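Engineer: Here you go, one structure.
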Amino acid sequence: MLIYNDDCMYTLTTLGDNSVDSIVTDPPYELKFMGNKWDTTGISFRVDLWKECLRVLKPGGFLLAFSAPRLQHRLVSAIEDGGFRIVDGIIYMFGTGLSKGQNIGKTIAKKFPNEDGTKYMDFHTQLKSSYEYICVAQKPTEGTFAENVLKYGVGAFNIGACRIKHNEPLKTTKRTKIGRAHV
């Protein structure tokens, strides 16, 4: 397995057609995160990027691309416009992070000193996202899925390797109790 940590628009041009099994990427979310310039490049929504990913993937190869919930539609549209088939989506859930948007209580306290902003101290103009979206896309196959897998070795998920056996409960944490029902 090779992992590239470089400018994708350069690195992709150095790779041959149909030479990559899969691509997993966490591109900039284009949200101007804390004013950082790296999160305002626009590359995530550039169709030419996704066309280049399509070129290097083997037929049937999968692309997984992370996105912020607010702009996932733009990412998925660009990937689809690049020639991919949108297969599915994965939701990565988490419970940490900062509330988004403006804190109204702080704004009132700062801009309106004669007003009591404390009763609005935890009012925000946006929700705190508790997930990231992962677009699951696939380069079109050559022939049937079975023919494609036999020829290129890609094009299907090994779901069986991910299954939890019926006699093994899921791991739990102090906060959650999760188990598998026996049917």
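Engineer: Working only within the range 128-167, note down all residues that are acidic (Asp, Glu) and not in a loop (DSSP other than H, G, I, E, B).
Structural biologist: Glu132, Glu147, listed by residue number.
Engineer: Restricting to the range 148-171, and then to whatever is more than 25 Å from the chain's Cα centre (by Cα) and loosely packed, with under 14 Cβ neighbours inside 10 Å, can you tell me which residue is modelled with the highest pLDDT?
Structural biologist: Looking at the filtered set, the residue picked out is Leu150.
Engineer: Which of the residues belonging to the range 95-116 are modelled with pLDDT of 85 or more and either part of a loop (DSSP other than H, G, I, E, B) or within 30 Å of Lys58 (Cα to Cα) (or both)?
Structural biologist: The first filter runs over the range 95-116 and keeps only residues modelled with pLDDT of 85 or more, leaving 102-116.
Across the range 95-116, the qualifying residues are Gln102, Phe112, Pro113, Asn114, Glu115, Asp116.
Engineer: Looking at the range 37-72, which of its residues are under 16 Å from the mean Cα position of the chain (by Cα) and crowded, with 18+ Cβ neighbours inside 10 Å?
Structural biologist: Ser44, Phe45, Leu49, Trp50, Cys53, Phe62, Leu63, Ala65, Phe66, Ser67, Ala68, Gln72
Engineer: Can you find, within the range 25-36, the residue that is farthest from Gly101 (Cα to Cα) among those that are open to solvent by 60 Å² or more (accessible area, probe 1.4 Å) and either among the aromatic types (Phe, Trp, Tyr) or assigned to a helix (DSSP H, G or I) (or both)?
Structural biologist: So, considering only residues that are open to solvent by 60 Å² or more (accessible area, probe 1.4 Å) and either among the aromatic types (Phe, Trp, Tyr) or assigned to a helix (DSSP H, G or I) (or both), the one farthest from Gly101 (Cα to Cα) is Gly35.
Engineer: Something else about it: What residue, among those in the range 57-92 that are out of contact with any Cys (no Cβ under 9 Å at 6 or more places or on another chain) and of a type in the set (Ser, Thr, Tyr), is farthest from Ile134 (Cα to Cα)?
Structural biologist: Going through the qualifying residues, I end up with Ser77.
Engineer: Got a number for residues in the range 105-129 being loosely packed, with under 14 Cβ neighbours inside 10 Å, under 30 Å from Gln72 (Cβ atoms) and β-branched (Val, Ile, Thr)?
Structural biologist: Result for the range 105-129: 1.
Engineer: A further question on this structure: Quick check: anything in the range 11-24 within 16 Å of Leu64 (Cβ to Cβ) and part of a loop (DSSP other than H, G, I, E, B)?
Structural biologist: no
Engineer: Please list, ordered by first then second residue, the pairs with beta carbon atoms under 9 Å, 6 or more apart or interchain, first in the range 156-174 and within 22 Å of Ala146 (Cα to Cα), second among the aromatic types (Phe, Trp, Tyr) and at pLDDT 85 or above.
Structural biologist: Correct list of pairs: Ala156/Phe145; Phe157/Phe62.
Engineer: To continue, here is another question. If the requirement is being in a helix (DSSP H, G or I) and touching a strand residue (DSSP E or B) at 6+ places or on another chain (Cβ under 7 Å), which of these qualifies: Leu54, Leu75, Leu63?
Structural biologist: On inspection, the qualifying residue turns out to be Leu75.
Engineer: Ile91: in contact with a Phe, Trp or Tyr (Cβ under 7 Å, 6 or more places away or on another chain), closer than 28 Å to Ala156 by Cβ, modelled with pLDDT of 90 or more and loosely packed, with under 13 Cβ neighbours inside 10 Å, yes or no?
Structural biologist: Considered against the rule, which asks whether it is in contact with a Phe, Trp or Tyr (Cβ under 7 Å, 6 or more places away or on another chain), closer than 28 Å to Ala156 by Cβ, modelled with pLDDT of 90 or more and loosely packed, with under 13 Cβ neighbours inside 10 Å, Ile91 comes out as yes.
The values are calculated or read from the model by the stated rules, or taken from the named source; none is laboratory data. A quick note: this is a predicted structure, and the numbers were derived from the prediction, not measured. As a convention, Cβ positions derive from the backbone with ideal geometry for all residues, glycine included, and neighbour counts pool all protein chains shown. Keep in mind that these areas ignore ligands, DNA and RNA; they rest on the heavy atoms of the full protein, side chains included. Shrake-Rupley method; radii C 1.70, N 1.55, O 1.52, S 1.80 Å.
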